[in-house]
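The values are calculated or read from the model by the stated rules, or taken from the named source; none is laboratory data. If you're wondering where the values come from, they're calculated on a predicted model, not measured in any experiment. No Cβ is skipped: glycine too gets one built from the backbone with ideal geometry, and neighbour counts run over all protein chains shown.
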Amino acid sequence: MNDLLVVENLCKSYGNKPVLSNISFALPKGRIIGLLGENGVGKTTLLRLCKDFELDYASPIKRLSKGNQDRVCLMLSLSRRVPLYLLDEPMAGFDPKFKRDLVKTILSNTDEEVTLIIASHLLRDLESIFDEIAILTRERIVTAVSDDVRDSGKSLEDFYMEVAE
């Protein structure tokens, strides 16, 4: 599988406060990746930095942030054909029907060339669509294939709690 983006030893600080320390990961093409972690651990910072990396071909990246965008903007953004979507809490503030419709839209409009990173605290709403998860802690990033976690008899939430503790 070709990687869309490879990051090695990424560090980011705000003043004297380190937020990301030596974070390394690869983003494969055609995957839906859940970016999980406690509040303030650096998920949004990581997404913002990812949007600034240059991919090995000139393609746009669409980044969606929590808050100011409503359903129409979200759906219009998802209708664009880009290789990488960075979604920061895309389910926040939406009713259960819209959340279900959004999951259907994501699944029906992605293909093997599209990668999505979805940062969210709403694991139960999105657990079924993640191909992989990346759990960001203050010290490291832990990645796992979702089916491997499920095959071990754990839910993604159980696995997240083990890593986060």
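Restricting to the stretch 121-139, count the residues that are of a type in the set (Asp, Glu), under 30 Å from residue 17 (Cβ atoms) and not in a strand (DSSP E or B).
Going through the stretch 121-139 one residue at a time, the tally reaches 1.
Being over 11 Å from the mean Cα position of the chain (by Cα) and closer than 23 Å to residue 23 by Cα is the filter here; which residues of the stretch 102-120 pass it? Steps first, please.
At the first step, the residues of the stretch 102-120 found to be over 11 Å from the mean Cα position of the chain (by Cα) are 102-114.
Of everything in the stretch 102-120, just one residue is over 11 Å from the mean Cα position of the chain (by Cα) and closer than 23 Å to residue 23 by Cα, namely 114.
I'd like the residue in the stretch 117-145 that is charged (D, E, K, R) and surrounded by 15 or more Cβ atoms within 10 Å (Cβ to Cβ) and, out of all such residues, is nearest to residue 48 (Cα to Cα).
Checking each candidate, the answer is 132.
Would you please name the residue that is surrounded by the most Cβ atoms within 10 Å (Cβ to Cβ), looking only at residues in the stretch 146-165 that are more than 17 Å from residue 31 (Cα to Cα) and aliphatic (A, V, I, L, M)?
So the residue we want is 163.
Could you give me the residue pairs with C-beta distances under 7 Å whose first residue belongs to the stretch 125-154 and is among the hydroxyl-bearing types (Ser, Thr, Tyr), whose second residue is part of a loop (DSSP other than H, G, I, E, B) and surrounded by fewer than 18 Cβ atoms within 10 Å (Cβ to Cβ) wherever it lies, and which are 6+ apart or on separate chains?
Partner pairs satisfying both residue conditions: 146/131.
Show the residue pairs meeting these rules: Cβ distance below 6 Å; 6+ apart or different chains; first residue within the stretch 28-46 and of a type in the set (Ser, Thr, Tyr); second residue at pLDDT 85 or above and surrounded by fewer than 21 Cβ atoms within 10 Å (Cβ to Cβ).
Here the result reads 44/88; 45/12; 45/19, each pair linking the stretch 28-46 to a residue that is at pLDDT 85 or above and surrounded by fewer than 21 Cβ atoms within 10 Å (Cβ to Cβ).
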